[in-house]
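Undergrad: First the structure, then my questions, so here it is.
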Amino acid sequence: MLKRWFARAAPPPEAEVPPGVRVYAIGDVHGRRDLLVDLIRRIGEDGAARPPAETRLVLLGDLIDRGPESAGVVALARDGVPGFQGVDVLMGNHEEVLLDLLAEPEPVRLGFYLRIGGYQTLESYGVPERMLELPELFPPEALLEAVPAADRRWLASLGDRVRIGDYLFVHAGIRPGVGLDEQQPADLRWIRKPFLESRADHGVVVVHGHTVTDEVAWRPNRIGVDTGAYATGRLSAVGLEGRERWCLATAGPPGPRGGPWPG
């Protein structure tokens, strides 16, 4: 059962993006390239129905793991998404775990990564099933060498935040009470309870993924955009223009379930 975390109707909008700019932010893709392609198409149709604007796209991280096409999602995001004047891709905690493993390919790290959805990611890069079923028989390097150097460099280049007007886009959230310029990557990619339960005015509205809700979670100080695409078939995006806010989502069939949600 997916966590609700008190998903509610949108509060009266006060934050705004700069004039002439329209922003779409997409939540955690988790290897569902099919849903990402569908949602980008829906965003294109939505933008075409609105007045011309400088249109920006933000992918909120966790592109990889759990779903069947992580390599394809990385390729799509890395090679550029047409139709936008700017595309920002953030690093999620799953990208961080993979990069840490690539830097130090130890069996314990590999075992953890496989358990949180790395099995499907490495399979999408062509690692044979027999190696993934019995990883203890193979050195971690033998499995990880399937990830191309270009993808490794691109993943390592991802940022952890982007600010557009009165909105701050991050993967997981921010540490309440800490200045925006002093936020640590570990919190930006991993934080949950202290951020989710905070009613503090952060000075910005934080747009984030990482924590699954049934629908886009609207709060006065944050907007949660992770609707569990891997398991639900529902990949969501929020649109922001001026003081207006809206959401778009796919309605695809569920993907295969597997294991607890680590975020």
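The values are calculated or read from the model by the stated rules, or taken from the named source; none is laboratory data. Computed from a predicted model, the values in this text were never measured in an experiment. Positions of Cβ are generated from backbone atoms using ideal geometry, with glycine treated the same way; all protein chains shown enter the neighbour counts. With ligands, DNA and RNA removed, areas are computed over all heavy atoms of the protein, side chains included. Shrake-Rupley method; radii C 1.70, N 1.55, O 1.52, S 1.80 Å.
Undergrad: State in Å² the accessible area per residue of the chain; use a 1.4 Å probe, count heavy atoms of protein chains only, and round to the nearest integer. Walk me through the numbers on the way to the answer.
TA: Details: 11600 Å² over 263 residues.
So the chain comes to 44 Å² accessible per residue, rounded to a whole number.
Undergrad: If N is the number of residues in the chain, what value comes out of its Cα radius of gyration divided by 2.2 N^0.38 Å? Could you put the intermediate results ahead of the total?
TA: Working: Rg = 18.0 Å, N = 263, 2.2 N^0.38 = 18.3 Å.
In units of the 2.2 N^0.38 Å rule of thumb, it is 0.98.
Undergrad: Okay, moving on. Would you mind telling me which residue in V17, V206, V178 has the biggest mean-square fluctuation in a Gaussian network model of the chain, where springs connect alpha carbons within a distance under 10 angstrom?
TA: With Cα springs under 10 Å in the chain, the top fluctuation among V17, V206, V178 is at V178.
Undergrad: Then there's this: For A149 and L99, calculate 0.36 nm times their separation in residues minus their Cα-Cα distance, and state this gained length in nm to one decimal. Can you show the working numbers first?
TA: Working: separation 50, 0.36 × 50 = 18.00 nm, distance 1.17 nm.
Contour length minus the Cα-Cα distance gives 16.8 nm.
Undergrad: Assuming R0 = 51 Å, can you tell me the calculated FRET efficiency for the pair F112 and R243, based on Cβ-Cβ distance, to the nearest 0.05?
TA: Numbers: r = 43 Å, r/R0 = 0.84.
Using R0 = 51 Å, I get an efficiency of 0.75.
Undergrad: Could you please state how large a percent of the accessible area of segment 128-263 is carbon and sulfur, counting protein chains only and using a 1.4 Å probe? Walk me through the intermediate numbers first.
TA: Working: 3190 of 6080 Å².
Ligands and nucleic acids excluded, carbon and sulfur give 52 percent.
Undergrad: Assuming 0.36 nm per residue, please report the length gained on full extension of the stretch L137 to Y125 beyond their Cα-Cα distance.
TA: Details: separation 12, 0.36 × 12 = 4.32 nm, distance 1.92 nm.
Taking 0.36 nm per residue and subtracting the Cα distance, the gain is 2.4 nm.
Undergrad: Let me ask something else. Quote the charge dipole size of the chain about the Cα centre in Debye, to the nearest 20; the model charges only the Cβ of Lys and Arg (+1) and of Asp and Glu (-1). Before the final figure, lay out each step's value.
TA: Values: 30 positive and 37 negative charges, 157 e Å.
So the magnitude is around 760 debye.
Undergrad: Accessible area, 1.4 Å probe, largest first: how do S236, S157 sort?
TA: Working: S236 0, S157 80 Å².
Order by accessible area, largest first: S157, S236.
Undergrad: Could you compute the net charge surrounding S198? Neighbours are other residues with a C-beta less than 13 Å from the C-beta of S198; K and R count +1, D and E count -1.
TA: Values: positive: R175, R192, K193, R199, R219, R222; negative: D187, E197, D201.
Local net charge: +3.
Undergrad: Run the 1.4 Å probe and let me know the accessible area of T211, rounded to the nearest 10 Å².
TA: Per-residue accessible area (T211): approximately 10 Å².
Undergrad: Around A251, with a cut-off of 14 angstrom between Cβ atoms, what is the net charge of the other residues, counting Lys and Arg +1 and Asp and Glu -1? It would help to have the intermediate numbers written out before the result.
TA: On the way: positive: R32, R41, R42, R234; negative: D34, D38, D214, E215.
That sum, taken over residues with Cβ under 14 Å, equals 0.
Undergrad: Ordered by packing density, taken as the mean number of other Cβ atoms within 10 Å over each peptide's residues, highest first, how do 137-144, 45-52 rank? Before the final figure, lay out each step's value.
TA: Working: 137-144: 15.0, 45-52: 11.1.
Most protected by this proxy first, the peptides run 137-144, 45-52.
Undergrad: Would you tally the net charge around E69, using a Cβ to Cβ cut-off of less than 15 Å, leaving E69 out, and scoring K and R as +1, D and E as -1? Kindly include the intermediate steps, with their values, before the conclusion.
TA: Details: positive: R32, R33, R66, R78; negative: D28, D34, D38, D62, D65, D79, E123, D151.
Every neighbour counted, the sum reads -4.
Undergrad: In addition: Find how many whole Å separate the alpha carbon centroid of segment 130-195 from the alpha carbon centroid of segment 220-254.
TA: 20
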